[in-house]
1. Rank-order 2-11, 80-89 by packing density, defined as the average count of other C-beta atoms within 10 Å over each peptide's residues, highest first.
2. When the scattering of segment 53-130 is computed by the Debye formula from its Cα atoms alone, each counted once and equally, what is log10 I(q)/I(0) at q = 0.16, 0.21, 0.23 Å⁻¹?
3. Based on the Cβ-Cβ distance from Leu96 to Trp70, what FRET efficiency comes out when R0 is 30 Å, to the nearest 0.05?
4. Calculate one ³J(HN,Hα) per residue across segment 175-186 by plugging θ = phi - 60° into the Karplus curve 6.51 cos²θ - 1.76 cosθ + 1.60, and present them in order as whole Hz with x for glycine and proline.
5. At a probe size of 1.4 Å, how large is the accessible area of Asp183, to the nearest 10 Å²?
6. Please compute P(r) over all alpha-carbon pairs of the chain, binned at 10 Å starting from zero, and give each bin as a whole-number percent.
7. Assign unit charges at the C-beta atoms only (+1 for Lys and Arg, -1 for Asp and Glu), then state the dipole size of the chain relative to its Cα centre in Debye, rounded to the nearest 20.
8. May I ask for the equivalent-ellipsoid semi-axes of segment 66-197, computed as the square root of five times each C-alpha gyration tensor eigenvalue and listed largest first in whole Å?
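The values are calculated or read from the model by the stated rules, or taken from the named source; none is laboratory data. What you see is a predicted model; the values in this text were computed from it and never measured. No Cβ is skipped: glycine too gets one built from the backbone with ideal geometry, and neighbour counts run over all protein chains shown. These area figures cover heavy atoms from the full protein model, side chains too; ligands, DNA and RNA do not enter into them. Shrake-Rupley method; radii C 1.70, N 1.55, O 1.52, S 1.80 Å.
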Amino acid sequence: MGLREQIDIEKLPSHVAVIMDGNGRWAKEKGKLRVFGHHNGVKSVRETVEAAAELGIQYLTLYAFSTENWNRPKLEVMALMELLVHTINNETKTLLENGIRLNAIGNLKALPDKCYKELQQAITQTAGNTRTTLTLALSYSSRWEITEAVKRIAQEVKAGSLQPEDITEQLFSNHLSTAGMPDPELMIRTSGEFRISNYLLWQLAYAELYFTPKLWPDFRKDDFYEAIIDYQKRERRFGLTSEQVN
Ligand code: FPP
């Protein structure tokens, strides 16, 4: 039986978040520049999006560029932005054909103009799609997002439209850039690193974490299926006992 057939379609996570890591090391292993790894990472993005959409996973969120990534060598940052523009341009048609809605979270205003415009255009074009929502975390960091949410809540309190006692977990969630999305039930990180790296810290509170040594450019549909199968074997207790859950 193939890996895909081992997946219980009734027990899919509704939201999978991914940290795509290891592009640089993958390129270095081959004696190439880091950018070569990023270029080859696009195929893995395509496979992962396809796998998620085919299974019927509603939300897929990919960490494409962190706030901290701005500090990388200028040439690498420029190459990554170019690659983003190019990929969004190339893939919008496929997103439309497959019912995938594009979304982005992060400090998008920090992106180069061309990248920002391209992204907004693709987001608008795919806005009517309902099969899977693909969210790109771009110029994103969770602490930035949480700080922004706190600022907005503080402004509402200052303006008198919100009372401090009305601040709840739900209200806080509604002020994050992921408002309206379910929290990820599964977070996958490639490249053998066991970290969360400032990614969806609030939203991952109860997520199952899955780490694979595969470097991102080697990640394929079967690797995604393996992560889902592993997730389906876990017992999610949310602080309760095993007996309570069962
Ligand atoms: C991490 O590898 C990867 C990134 C910072 C960028 C991910 C970008 C892509 C896969 C390109 C296209 C993406 C989209 C959504 C179109 P790393 O550079 O940190 O690798 P290392 O840890 O081995 O140095």
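1. Numbers: 2-11: 10.8, 80-89: 17.5.
In decreasing order of mean packing, 2-11, 80-89 become 80-89, 2-11.
2. -0.63, -1.01, -1.15
3. 0.45
4. Result, rounded to whole Hz: 9, 8, 6, 9, 3, x, 9, x, 5, x, 8, 9.
5. About 80 Å², rounded to the nearest 10.
6. 7, 29, 36, 21, 7, 1, 0
7. Once rounded to the nearest 20, the dipole reads 880 debye.
8. The answer is 28, 20, 16 Å, longest axis first.
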